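Taking it in order: structure first as structure tokens, then the write-up.
Only the coordinates and a few stated rules stand behind these numbers; no lab work does. This one's a predicted model, so the numbers in the text were calculated from it and none came from an experiment. Using ideal geometry, Cβ is built from the backbone for each residue, glycine included, and neighbour counts are taken over all protein chains shown.
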Amino acid sequence: MPPDVLDRLMLLAGRQAAWQLRQHRHINTFEDIEFRVYSQWGEDGIIEWIMQNLPMEPKTFIEFGVENFREANTRFLVENRNWKGLVMDGSDANIGALRSDKIYWMYDITAVAKFINRENINQIISENGFTGEIGLLSIDIDGNDYWVWEAIDCVNPGIIICEYNPILGDKYPITIPYEPSFSRLAAHHSGLYFGASIASIKFLAGRKGYEFLGTNSNGINAFFVRKDLFPLLEPLIANRKAYPSRHRDSRDKNGNLTYTGGWGRYDLIRHLPVTRVDTGEKVIFENLGMPYSQEWLAGMSIPHSFSGR
């Protein structure tokens, strides 16, 4: 099937799913309203539901870690709601591919090839014309996500989506220690040592004036709303739940997928250092003790007998 035809069919299916969401104003968790058009998991549905229930101005977004923007949290927002945005990726080839895609002339997208860290993020955003109020910020860089979000002060998003690392658990507010040139696979061959725990992302959100709404059911992205907008969404979500994950994308030293799941993912990175964001202390991950609550273990399909490990 030609790519243009496939794109049109995907967009049509997404718009039909978006229309059906109007029947789901009140939900239990975000799992109830997930659907995927261009997002990796169910984020397209979650974002659309939020926009249906939270009139947002201005209709602008920033997303970084988009690769070539074929799979991204905000592409459906662009095509379905005609939002304006700034997207960034560390690869010149990825940004070049985006600029050659017809979406780049059909919509108002600024695409920047830049490796992001906390030292340069505000300058990159500001020099590309995005300051002050924006509708949505999506953070997914498989590394310094916590540190980069902490540094951002040039924009004031209504909604924030931030990737978390579910393997770091839900009990401790921890992240990888900051390294400006951090690379996920260079840091550890498994690719599982990156990012921040859901507890640390919630901790930072609270400091910055945001309320937690929930995560996608695959346990990857957490959603937050600015406190002044929270009263519009709070009564609509019965259970603002964070999910663990079951994905198995670990790799061996040759870069081959090993499909390690469950507790084995923790074993691969337990010897590595993490930073507690509440105290600033750097510790070895396993020295914290059990990083998972009983609910988290159950969501990972790990028997509770593992809880004393």
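Assorted remarks:
- Under Karplus coefficients 6.51, -1.76 and 1.60, residue-wise ³J(HN,Hα) of the stretch 261-272 in Hz, glycine/proline x: x, x, 5, x, 5, 4, 4, 5, 10, 4, 8, 9
- Length-normalised contact order for the chain - Cα pairs under 8 Å, 6+ apart - percent: 15
- Helix-derived mean residue ellipticity, 222 nm - over the chain, DSSP H n ≥ 4, -39500 (n - 2.57), to 500: -8000 deg cm²/dmol
- Exposure proxy ranking for Phe61, Phe203, based on other Cβ atoms within 10 angstrom of each Cβ and starting from the fewest, stands as Phe203, Phe61.
- If you take all other residues with their beta carbon under 15 Å from the beta carbon of Pro177, and give Lys and Arg +1 and Asp and Glu -1, the sum is -1.
- With K and R counted +1 and D and E -1, the other residues having a Cβ less than 9 Å from that of Ala196 yield a net charge of -2.
- Note on the chain: GNM, Cα springs under 10 Å; of Val155, Val66, Val225, the largest mean-square fluctuation is that of Val155.
- Rounded to the nearest 0.05, the FRET efficiency derived from the C-beta distance between Ile103 and His24 at R0 = 35 Å is 0.80.
- Qualifying aspartates and glutamates (Cα of each under 12 Å from Cα of Lys227; at least 8 residues distant if same chain): Glu211
- The amide H of Asn218, built 1.01 Å from its N in the peptide plane, has Gly42 as neighbours under 5 Å, considering only residues 5 or more places off or on other chains.
- Crossing angle, helix 43-53 versus the chain [Cα axis fit, 0-90 degrees, rounded to tens]: 60
- Structural descriptor for the stretch 110-224: relative contact order 26 percent, calculated from alpha carbon pairs under 8 angstrom and at least 6 residues apart.
- Pairs from Lys59/Lys241; Lys171/Lys282; Lys84/Lys114; Lys253/Lys282; Lys171/Lys208; Lys59/Lys102 whose Cα-Cα separation, in the structure shown, is over 24 Å: Lys59/Lys241; Lys253/Lys282
- Test item: Cα-centred dipole of the chain, Lys/Arg +1 and Asp/Glu -1 on Cβ, debye: 460
- Inter-label distance, nm, simple model (7 Å from Cα along the C-beta direction), Arg207/Lys59: 3.5
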